[in-house]
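The values are calculated or read from the model by the stated rules, or taken from the named source; none is laboratory data. Predicted, not measured: the structure shown is a model, and the values here were computed from it. Ideal geometry is used to build each Cβ from the backbone, glycine not excepted, and the neighbour counts take in all protein chains shown. Note: areas computed on protein heavy atoms with side chains; ligands, DNA, RNA excluded. Shrake-Rupley method; radii C 1.70, N 1.55, O 1.52, S 1.80 Å.
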Amino acid sequence: MRISIITVCLNSADTIRDARESVGRQTYQEVEHVVVDGVSTDGTQDIVRGFRPKVARLISEPDRGLYDAMNKGIASATGDIIGYLNSDDVYADSDVLQKVARVFADGNVDACYGDLVYVQQDDMSRMVRNWRSRPYSPGLVERS
């Protein structure tokens, strides 16, 4: 199974390198990285171009906001599984996508999610918040 990771960004020169390197450290090999850039003016595109061919596609054009950019990424993706990694995020370890692939090997799975660890922007070793996932149940993601 191929996993397409979509990273949406705008003026992310300070963080896009870490996000891309995080994808590159994954042990799972069938990964396609698509970056959708909203026409950055801070050098983000040059940084992403420097990672080619590891970045399968760089789409850089105006969009109508985050969700429009995310949908452009989906339209461009060729993977069996689609995931998002924000331009200022990194994977917790190098086996994250391997674990995702294992979950999707069960043909009854349509989606998965996991824990989130929020860290200090200037010191990733300092945790700010830890959000723990739990088994899905109907209504879990609804807002009241």
What are the residues in segment 119-132 that are of a type in the set (A, V, I, L, M) and open to solvent by less than 100 Å² (accessible area, probe 1.4 Å), if any?
V119, V128
Restricting segment 1-34 to residues that are part of a loop (DSSP other than H, G, I, E, B) and among the hydrophobic types (A, V, I, L, M, F, W, C), the one least open to solvent (accessible area, probe 1.4 Å) turns out to be A13
With respect to T15, is the statement that it is out of contact with any strand residue (DSSP E or B) (no Cβ under 9 Å at 6 or more places or on another chain) and of a type in the set (V, I, T) true?
no
Scanning segment 88-118 for residues that are touching a helix residue (DSSP H, G or I) at 6+ places or on another chain (Cβ under 9 Å), in contact (Cβ under 8 Å) with a residue 60 or more places away in the chain and open to solvent by 40 Å² or more (accessible area, probe 1.4 Å) gives D88, D89, V90, S94
Which of the residues spanning segment 91-144 are of a type in the set (G, A, S), under 24 Å from Y28 (Cα atoms) and out of contact with any Gly (no Cβ under 8 Å at 6 or more places or on another chain)?
A92, S94, A101, A105, G107, A111, G114
Count - residues of segment 35-87 that are open to solvent by 30 Å² or more (accessible area, probe 1.4 Å), hydrophobic (A, V, I, L, M, F, W, C) and in contact with a Gly (Cβ under 6 Å, 6 or more places away or on another chain)
0
